[in-house]
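S.K.: Have a look at this one.
The values are calculated or read from the model by the stated rules, or taken from the named source; none is laboratory data. No experiment lies behind these values; they were computed from the predicted model shown. For neighbour counting, all protein chains shown are included, and Cβ atoms are generated from backbone atoms with ideal geometry for every residue, glycine included. The accessibility values were calculated without ligands, DNA or RNA, using every heavy atom of the protein model including side chains. Shrake-Rupley method; radii C 1.70, N 1.55, O 1.52, S 1.80 Å.
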Amino acid sequence: MARRSLRDSDHVIGAGALAALGIAIALVIVHGDLSKVSDIKIFGAFALLVAASEMFEVTLPNNESFSLGIAPALGFALLGPILVDIHHKTLPEVLTMFAVGVGIATAMRISMKKDLQLVSSGTHLLALAGGTAVYQSFAALAHRMAAHPFIFNTCQTKNPITHSCAGVKDTFTDLSIFGLLAMLLVVVLIETTLNTFRQVDRNPVPLKPVFIGQVRSTGALHLSILSVGALLAIAYPPLREWSFPLFLAPLAATQFAFRQFASIRKTYLQTIGALSRVPEMAGYTQPGHSKRVAQLSVEIAQELGVAQQDIDEIEYAALLHDIGRVSIPDPADAQDASKLELALTGAGIVRETGHFPRVADMIEKQYEPYRRRGEDANPGLSLGAKIIKVSSAFDDLTRPGGTLGLSTWDVLERLHLGMAYEYDPQVIQALTRVLEKRGDA
Amino acid sequence: MREGAARVRIYVAACCLAAGATAMAAVRESSHFSWAAVIGFGALAFVVAQFPFALPDGGLYDISFVITIAALMASGPGEAAIATLFATLSLRDAFHRPPIRNIFNASQLLLTAALGGIVYVRTGGFVGTALISQSAGSTLVRHAFLPLLAATATNFFVNTFLVSEAISLSEGRNFAGVWRRGYSQLIGNYTAFALLGLLIGVLKILLGWGSVLFVLMPLLVARHAFQAAFTMQGAYDDTVKGLVAAIEAKDPYTRGHAQRVSRLSEMTARAYGLSEERCRAIRYSALMHDVGKLGVLSRVLKKPGKLTPEEYEHMKVHPERGVEIVQEIDLLQEAIDGVRHHHERMDGHGYPGGLVGDQIPLFARLIMVCDAFDSMTSTRVYRVAKTVEEAFVELRRCAGTQFDEASLNALEKAVSRNGWEPIGREEPDEEPIELKQPPTRMEKGPTDGTQVASR
């Protein structure tokens, strides 16, 4: 995958993360958090675990990658109140530990020539800082109010010499579920806000759908990452380093599942894209038409603030909008055939597959005017159909070497004239903005 | 049919009685039977059962077995058996299914869990805190792993045999066939789930219920992602099949051909011993092997008589046109080679490369023979389908010159294993008008992949 160039938002996040990290390291040194050997050992073990998990990464539906090193760091942050023989993990210590782990992972990535995940890790560091701060305030508050251990009280009878647990107790009661929930909320909020900020900085589109899309695509992932972190926090005191493989198992399952999903989704889009070339290859439509229409439709949809999974469907429909033409026996007859009939045939082909009824619907209605004489706008017409109608018309009118040979400006003018009945003015405006961004108009 | 229904009823009643008896025996095996554990694990089993995997083939698959094993490890066989009953209270199905199915499901799961638990304890398996107080590796193997393996094997065989027998009774199918096709490959999954159950059981003993929840949460999220992937895979397969079918509708002789060649090629690749990944790849390769035909003029494609040399040259471009399309997809290179070379011949007289023998990529050799086999066993305008036996006799004649012998053997193995129905032999109603037409050509042209008879 081509690496994206860094944008301002990436620099802002990087600077924020570095500033937080600098303060954290200074505080760790001043406080002498790592003065005891046992502390250094735990710190090192977790840093290695962060490095190992940081090597796992998940591709989200919006093609962003998400590295999993935050999971053990969350576990480390939760560790404070339960380990009796060492002091609580302070916020600066958590951040420093995470940074050391990310540093090791980055060195490994460079030596293995893999893509770096520094922006993702910086986002995680800021989210980790917020989450830990919130959890620890909850912990301190609860501690002061109830004066009893805050997270799991798994250890009732402690061996006075080894400080290890001798007895086994079954309590879920002392865990501050509220503390964990607040932590989850803050982590999700910070990550989502920063990622939305990055996405919008790259391509200025309406905020709300991007934000919601982010929550949808990462919410479940955060839930499982926090669960795994909490598991690590309660399993570490009795099991010590043996808890690490235990912790990595669910994390690996999560990563594998997400990877599987991402790869199928990618093949899907590629295959539809490849098969969409069939009508072109057979000479029914202009070469590259469906790809260009799909690209333009996606950009218009983003401009209009359509949610990610709806954009996927619009992309499929745009790619396949001419598939009905394969029913014409000979390309030479392509001009004579009725456009409406071909749209119906195309919709029928997609409907036959039993999936994507909305895609079929968009293909069927790709030629419907946005409103008819003397009527209001047609409410049965989906936004996708209207977008495809505009992009397809735009591509037909501007295609290089076409008979019309109109400039982008002339075409926009023409489409504007059609706004009374043919084209939805809202879509035309979005098209204009997309073209302005591309620098075409 | 009524006799069958009566037999099913007797079978279910017998399962019920056996389940009750073994469950009581299992409860007696638990030294300190704990209702708290039953309720705890029962609740977990119930939750897990609400999230079954829906497999692409339409089957549902729930992993409450993990909880059964966890309960067995943490508490004992009696608790495990009774907690498993909660898994059958699936909200989704209970009201849609006939009661006899619910009764059968409950009793077969109870019987399975109880028998597995008894086997575990009787083969020396430790339960509860006894399990974690053993630190020596050899003790763990002797008193945890080996008994767990025995219990898993018991679970697997009892469960799959009971279900296969029920299906074979109610649908009048052969027991061995049902078991082999539907369930025999699940042994690996059972082992993996048993190990996961061991992990959860040990966590419960060591750290309490909270830890179990924290393991289950990410696993449920992972299941969600897997499920989404499965669903998408199913949608993907249907969509590609549908689009390819629409594309090949241009050539009415070959309706459904691509889909059948795809199924045959996958079966054959499996019989050839290819890896799962390659079997999946050949499925798509074979499905799209002829998409390039759309780039061929309809006039040529549908021409009833023999092709002129120019037309034949024109026809020969279709594999390359297919490659143009398929190479946009992230398939294995082999899959693309399969499309490019599916009209080669072993003796080098094929196209586009004129490759000889082993120079022809394996995928292409497999697809070639499946392509020809399906054409022969399909009814065409000019002839009725051959039987499977006739087709093999004819393919055998051309082994070595046109087809690869090893691929042909694999196809024969696959067909004898999975069966194959010739198309259009039994159902003359399907295309009655075309069938009554006098044959327009007796020899097969190069379009349908069966150049066999043209010699």
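S.K.: In this structure, is A:T254 facing chain B (nearest Cβ under 7 Å) and open to solvent by less than 40 Å² (accessible area, probe 1.4 Å)?
M.R.: Values: facing chain B (nearest Cβ under 7 Å): yes; open to solvent by less than 40 Å² (accessible area, probe 1.4 Å): yes.
So A:T254 fits the description; yes.
S.K.: Consider A:L319 against the criteria (1) closer than 22 Å to B:S285 by Cβ; (2) facing chain B (nearest Cβ under 10 Å): it satisfies all of them except one. Which criterion is unmet?
M.R.: Among (1) closer than 22 Å to B:S285 by Cβ; (2) facing chain B (nearest Cβ under 10 Å), the lone unmet condition for A:L319 is (2).
S.K.: Of everything in the range B:327-363 that's among the aliphatic types (A, V, I, L, M) and modelled with pLDDT of 85 or more, which residue is most open to solvent (accessible area, probe 1.4 Å)?
M.R.: Kept after step one, since they are among the aliphatic types (A, V, I, L, M), are these residues of the range B:327-363: B:329, B:331-332, B:335-336, B:339, B:346, B:355-356, B:360, B:362.
Okay, now just the ones that are also modelled with pLDDT of 85 or more, so B:335-336, B:339, B:346, B:355-356, B:360, B:362.
On the way: B:A335: 0, B:I336: 13, B:V339: 0, B:M346: 23, B:L355: 39, B:V356: 75, B:I360: 0, B:L362: 28 Å².
Checked the range B:327-363; the qualifying residue most open to solvent (accessible area, probe 1.4 Å) is B:V356.
S.K.: While we're looking at this one, here's another question. Can you name the residue in the range A:377-410 that is modelled with pLDDT of 75 or more and part of a loop (DSSP other than H, G, I, E, B) and, of all such residues, is least open to solvent (accessible area, probe 1.4 Å)?
M.R.: A:L381
S.K.: Quickly run through the range B:373-421 and pick out the residues that are touching a strand residue (DSSP E or B) at 6+ places or on another chain (Cβ under 7 Å) and of a type outside the set (S, T, N, Q).
M.R.: Selection gives B:A385, B:L395, B:E405, B:L408.
S.K.: Pull out all pairs, ordered by first then second residue, where Cβ-Cβ is under 6 Å, the residues are six or more apart or on different chains, the first lies in the range B:393-410 and is assigned by TED's automatic domain parsing to the domain that holds B:A364, and the second is outside any strand (DSSP E or B) and among the hydroxyl-bearing types (S, T, Y).
M.R.: B:A410/B:T268; B:A410/B:Y272
S.K.: Wholly within the range B:130-238, which helices (runs of 4 or more DSSP H) include no fewer than the required count, namely at least 2 residues that are crowded, with 17+ Cβ neighbours inside 10 Å, in contact with a Phe, Trp or Tyr (Cβ under 8 Å, 6 or more places away or on another chain) and at pLDDT 80 or above?
M.R.: Because the criterion is at least 2 residues that are crowded, with 17+ Cβ neighbours inside 10 Å, in contact with a Phe, Trp or Tyr (Cβ under 8 Å, 6 or more places away or on another chain) and at pLDDT 80 or above, the helices (runs of 4 or more DSSP H) in the range B:130-238 that meet it are B:146-171, B:187-207.
S.K.: Taking the range A:346-360, which residues are surrounded by fewer than 20 Cβ atoms within 10 Å (Cβ to Cβ) and either at pLDDT 85 or above or in a helix (DSSP H, G or I) (or both)?
M.R.: A:G348, A:R351, A:E352, A:P357, A:R358
S.K.: Is there any pair linking a residue in the range A:389-407 that is of a type in the set (D, E) to one that is open to solvent by 60 Å² or more (accessible area, probe 1.4 Å) and at pLDDT 90 or above, with Cβ under 7 Å and at least six apart or on different chains, and which?
M.R.: From the range A:389-407, the pairs are A:D395/A:R292.
S.K.: Let me ask something additional. Give me the pairs: first residue in the range B:241-252 and closer than 18 Å to A:H355 by Cα and more than 7 Å from chain A (Cβ to nearest Cβ), second residue open to solvent by less than 30 Å² (accessible area, probe 1.4 Å) and at pLDDT 80 or above, beta-carbon distance under 6 Å, and six or more apart or on different chains, which are they?
M.R.: B:V244/B:A258; B:V244/B:L287
S.K.: Against the condition open to solvent by 50 Å² or more (accessible area, probe 1.4 Å), free of Cβ contacts under 8 Å to residues at least 24 places away in the same chain and either farther than 20 Å from A:S121 by Cα or more than 13 Å from the chain's Cα centre (by Cα) (or both), how does A:L207 come out, does it pass?
M.R.: yes
S.K.: Against the definition (of a type in the set (D, E, K, R) and either touching a helix residue (DSSP H, G or I) at 6+ places or on another chain (Cβ under 6 Å) or more than 14 Å from every other protein chain (Cβ to nearest Cβ) (or both)), how does A:R240 come out, yes or no?
M.R.: no
S.K.: Quickly run through the range A:262-302 and pick out the residues that are free of Cβ contacts under 8 Å to residues at least 24 places away in the same chain and in contact with a Phe, Trp or Tyr (Cβ under 8 Å, 6 or more places away or on another chain).
M.R.: Once the filter is applied, which keeps residues that are free of Cβ contacts under 8 Å to residues at least 24 places away in the same chain and in contact with a Phe, Trp or Tyr (Cβ under 8 Å, 6 or more places away or on another chain), the range A:262-302 yields A:I264, A:T267, A:Y268, A:T271.
S.K.: Every residue in the range B:92-108 that is open to solvent by 40 Å² or more (accessible area, probe 1.4 Å) and hydrophobic (A, V, I, L, M, F, W, C), please.
M.R.: Listed by number, the residues that qualify are B:F95, B:I100, B:I103.
Every residue, every condition in (1) out of contact with any helix residue (DSSP H, G or I) (no Cβ under 9 Å at 6 or more places or on another chain); (2) among the basic types (K, R); (3) within 17 Å of A:A317 (Cβ to Cβ), yes or no:
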{"position": "A:L342", "(1), (2), (3)": "no, no, yes"}
{"position": "A:P369", "(1), (2), (3)": "no, no, no"}
{"position": "A:D376", "(1), (2), (3)": "yes, no, no"}
{"position": "A:G384", "(1), (2), (3)": "no, no, yes"}
{"position": "A:A420", "(1), (2), (3)": "yes, no, no"}
{"position": "A:D424", "(1), (2), (3)": "no, no, yes"}
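S.K.: Please go through the range A:422-439 and give me each residue that is assigned to a loop (DSSP other than H, G, I, E, B) and either surrounded by 12 or more Cβ atoms within 10 Å (Cβ to Cβ) or at pLDDT 80 or above (or both), ordered by number.
M.R.: Scanning the range A:422-439 gives A:E422, A:Y423, A:D424.
S.K.: Scanning for something modelled with pLDDT under 80 and either crowded, with 18+ Cβ neighbours inside 10 Å or in a helix (DSSP H, G or I) (or both), does the range B:239-246 turn up at least one residue?
M.R.: yes
S.K.: Which one of A:G283, A:G273, A:G288, A:G305 is facing chain B (nearest Cβ under 10 Å) and modelled with pLDDT of 80 or more?
M.R.: Result: A:G273 is the single residue among A:G283, A:G273, A:G288, A:G305 that is facing chain B (nearest Cβ under 10 Å) and modelled with pLDDT of 80 or more.
S.K.: Shifting gears a bit: Can you find, within the range A:55-68, the residue that is most open to solvent (accessible area, probe 1.4 Å) among those that are of a type outside the set (A, V, I, L, M, F, W, C) and touching a Phe, Trp or Tyr at 6+ places or on another chain (Cβ under 9 Å)?
M.R.: Result: A:T59.
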